[in-house]
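Here the structure comes first, spelled out in structure tokens, and everything after it is commentary.
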Amino acid sequence: MSRYQSLPFLASALFPRVLAGPGQNLDAICKSTEGTYGCEEYFKIPYGSEPITTCFDTSPCGVQILTNNRNICDLIGDAMGNDDFVSGYTAYCREAPRAIKEVKTERAVWVDGKLKGAKWIALATANSAEEEFANRGFKYGNTKSTVLSSQLANKDGWVVQKAAEINTKSYFDLVERLSKCGADGCGGEKLDSVMEWFLEWIPKGTEIKNGQMSKMLADWEKTFATPYKNRIMAIKNAATTVQTRVKTVSTKVDSIKKSICQKNACSGKTASTYLNNGRSLSRLRELSSLTITVSAALKAVKDLNNIIAAASSADEKRKFIYYNFLGNIQAAYNLDAQYLIPNNLADLLDDGRFDTLRGIMHGYGTVTSEISMYANDIKRNLIPLILLTKHESRSRDVLKKINAQLTQNWKNNAELSKTAASRKVRDGFIQIQGHLKKELQGSLTTLINAIDAFDNDFLKFPLRGNKMVVEWGAAPYDRWYNLEFKYPCRKEVTKTFTEAGFSKDHTWPVFSPCTFTTQKVDMPKGWIPYIKYRFVKP
């Protein structure tokens, strides 16, 4: 009888250890270890031989090979020194090969994020593989940071707000629901199922609901609600005060003229030039302000009366913008997810806007679909507010005309100091200056300051000089797992056993440790839905 010393010694003697799997052929590795899943495969492993003596007429009559019936899992465990390959067999030889196959045959799902008509089985495969890979502790890699920095960074004026990411599990869940929407459409319970997915997804997008754009639009609403209202009312009140006071001043000036201009007292060139619309005298060139008369100055003030109407028009547009546009935007942002989901989801599926994950932001309804429209509507309705600010330069010019009347030093005017009548005229002129200074100089300054304050605030509103560009979609990034593991190299060993002149061959598998070096197993792309905006010159 012949026996082997030990099975481990036999394995190491026949098949020395190697560091890398030859050929890196995953299919071949899995083929050579079939039966590991469930430990269903058994092999007869020889440990010796003996002659056959239970013969009919001649003894001995052959060779009896002595074997143990060994399970493949035990053989692999003995060879590897642990059960890592056996416990990870599902990941290595079921999930990984299926994933590698699917990425080649189902690129529409794996790469393009297909929704309408997507084969859910491909995503079921991916989802199962990812769970298994994660459980096995496979190294995970992705290009997310690269995509964030290159495509979704706040640069070139863009402000980017991100929604909740779409991973394989959530993608699979959505496609599975959509797959129930067949040729007969997507209504009733089928549509409800799809909408439930959005009910779970939307609240996770905190940047969309609470991010910079949301805060900016909320600030716009607050600004149009109160600060602009107060600024415009300040202009209207100041303009009304100016018109009230110019009427008072005009009445007083007329009264003074009647009082001082008796018996041709105002027929002198200096007096008539100051009071009326005459030209400056060559002999009074030093009195340059005489080129602008009191009458012309008062008329210029009265001509500012259209500012009141301009302020009223601006305030009407302010309210129109506030209630019809900014109010609607905030109403959309404040909606619960169940009301935000577009009620035309079936139409989106039919017209191609929802064919891939790039259109997933349609799920935010009016937040994405109407912001650009509202921004354009706001800009188109700003004209009355812009025109109101243009009255600042007009008002400043009028103030210059009033100030010009205050530069005359009538008290020391030689021509008007000669007689009692001329001195009465002089004193009347001084009274007129007093009324101009008291009633109009300050009120015009207040009006100018009110317009200037509104103009400065309004310059901060980005739509005054720019248009808002809004874009949205979903940016994909690559995802993969690095497949690297120790596996049992298999070699079929054949040995001839001889006893008493008889020989017999026996073949059995011998396993030895090998290393499967790193191979990327691509997973479905990850998707980062986003909405972004910036302001550009029209």
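The values are calculated or read from the model by the stated rules, or taken from the named source; none is laboratory data. Here the structure is a predicted model, which is why all the values come from computation and not from measurement. Cβ coordinates were reconstructed from backbone atoms using ideal geometry, including for glycine residues, and neighbour counts include every protein chain displayed.
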Q: Starting from segment 227-246, keep only residues that are over 18 Å from SER393 (Cβ atoms) and of a type in the set (Ser, Thr, Tyr), then list their pairs with residues that are surrounded by fewer than 18 Cβ atoms within 10 Å (Cβ to Cβ) and at pLDDT 95 or above whose Cβ atoms are within a distance under 6 Å, requiring at least 6 positions of separation or different chains.
A: THR240/ILE308
Q: May I ask you to list the residues in segment 415-432 that are basic (Lys, Arg) and in contact with a helix residue (DSSP H, G or I) (Cβ under 7 Å, 6 or more places away or on another chain)?
A: ARG423, LYS424, ARG426
Q: Filter segment 499-513 down to the residues that are surrounded by fewer than 20 Cβ atoms within 10 Å (Cβ to Cβ) and among the hydrophobic types (A, V, I, L, M, F, W, C), then identify the one that is nearest to the chain's Cα centre (by Cα).
A: TRP508
(Q) Out of everything in segment 243-255 that is over 19 Å from ASN449 (Cα atoms) and among the charged types (D, E, K, R), what residue ends up being surrounded by the fewest Cβ atoms within 10 Å (Cβ to Cβ)? (A) ASP254
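I'm trying to understand the selection: among the residues of segment 73-85, which are touching a residue at least 60 places away in the same chain (Cβ under 8 Å) and not acidic (Asp, Glu)?
Scanning segment 73-85 gives LEU75, ILE76, ALA79, MET80, GLY81, PHE85.
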Q. Could we say that THR356 is surrounded by 20 or more Cβ atoms within 10 Å (Cβ to Cβ), of a type in the set (S, T, N, Q) and under 30 Å from LYS229 (Cβ atoms) here?
A. no
Q: Determine which single condition GLU176 fails, assuming it passes every other condition in (1) of a type outside the set (Gly, Ala, Ser); (2) surrounded by 17 or more Cβ atoms within 10 Å (Cβ to Cβ); (3) assigned to a loop (DSSP other than H, G, I, E, B).
A: (3)
Q: Look through ASP478, ASP452 and report the one residue that is among the acidic types (Asp, Glu) and either out of contact with any helix residue (DSSP H, G or I) (no Cβ under 8 Å at 6 or more places or on another chain) or outside any helix (DSSP H, G or I) (or both).
A: ASP478
Q: Report the residue count in segment 215-242 for those that are surrounded by fewer than 19 Cβ atoms within 10 Å (Cβ to Cβ), of a type outside the set (D, E, K, R), at pLDDT 95 or above and in a helix (DSSP H, G or I).
A: 8
(Q) If a residue must be assigned to a helix (DSSP H, G or I) and surrounded by 15 or more Cβ atoms within 10 Å (Cβ to Cβ), how many such residues does segment 329-353 contain? (A) 10
Q) Can THR496 be described as over 40 Å from the mean Cα position of the chain (by Cα), free of Cβ contacts under 8 Å to residues at least 12 places away in the same chain, more than 30 Å from ASN135 (Cα to Cα) and assigned to a strand (DSSP E or B)? A) yes
Q) Which of the residues that make up segment 179-215 are under 14 Å from VAL160 (Cα atoms), touching a residue at least 40 places away in the same chain (Cβ under 8 Å) and of a type outside the set (Val, Ile, Thr)? A) GLY205, GLU207, LYS209, GLY211, GLN212, MET213, SER214
Q: Evaluate segment 183-190: report whether one residue or more is farther than 16 Å from ASP355 by Cα, modelled with pLDDT of 95 or more, outside any loop (DSSP other than H, G, I, E, B) and not assigned by TED's automatic domain parsing to the domain that holds TRP120.
A: no
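Identify, please: which residue in segment 153-182 is closer than 26 Å to GLU102 by Cβ and acidic (Asp, Glu) and is, among those, modelled with the lowest pLDDT?
If we take residues in segment 153-182 being closer than 26 Å to GLU102 by Cβ and acidic (Asp, Glu), then GLU176 is modelled with the lowest pLDDT.
To keep it simple, each residue is scored yes or no on (1) surrounded by 15 or more Cβ atoms within 10 Å (Cβ to Cβ); (2) closer than 30 Å to HIS362 by Cα.
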{"residue": "LEU463", "(1), (2)": "yes, yes"}
{"residue": "LYS467", "(1), (2)": "yes, yes"}
{"residue": "ARG479", "(1), (2)": "yes, yes"}
{"residue": "LYS486", "(1), (2)": "yes, no"}
{"residue": "LYS491", "(1), (2)": "no, no"}
{"residue": "THR515", "(1), (2)": "yes, no"}
{"residue": "TRP527", "(1), (2)": "yes, yes"}
Q) Within the group ASP397, ASP377, ASP452, which residue is surrounded by fewer than 14 Cβ atoms within 10 Å (Cβ to Cβ) and touching a residue at least 40 places away in the same chain (Cβ under 8 Å)? A) ASP397
Q: Output the number of the condition that LYS209 fails; it satisfies all remaining conditions of (1) within 24 Å of LEU406 (Cβ to Cβ); (2) modelled with pLDDT under 95; (3) surrounded by 14 or more Cβ atoms within 10 Å (Cβ to Cβ).
A: (1)
**Q.** helices (runs of 4 or more DSSP H) contained entirely in segment 359-443, each with at least 1 residues that are at pLDDT 90 or above
**A.** 371-380, 383-405, 420-435
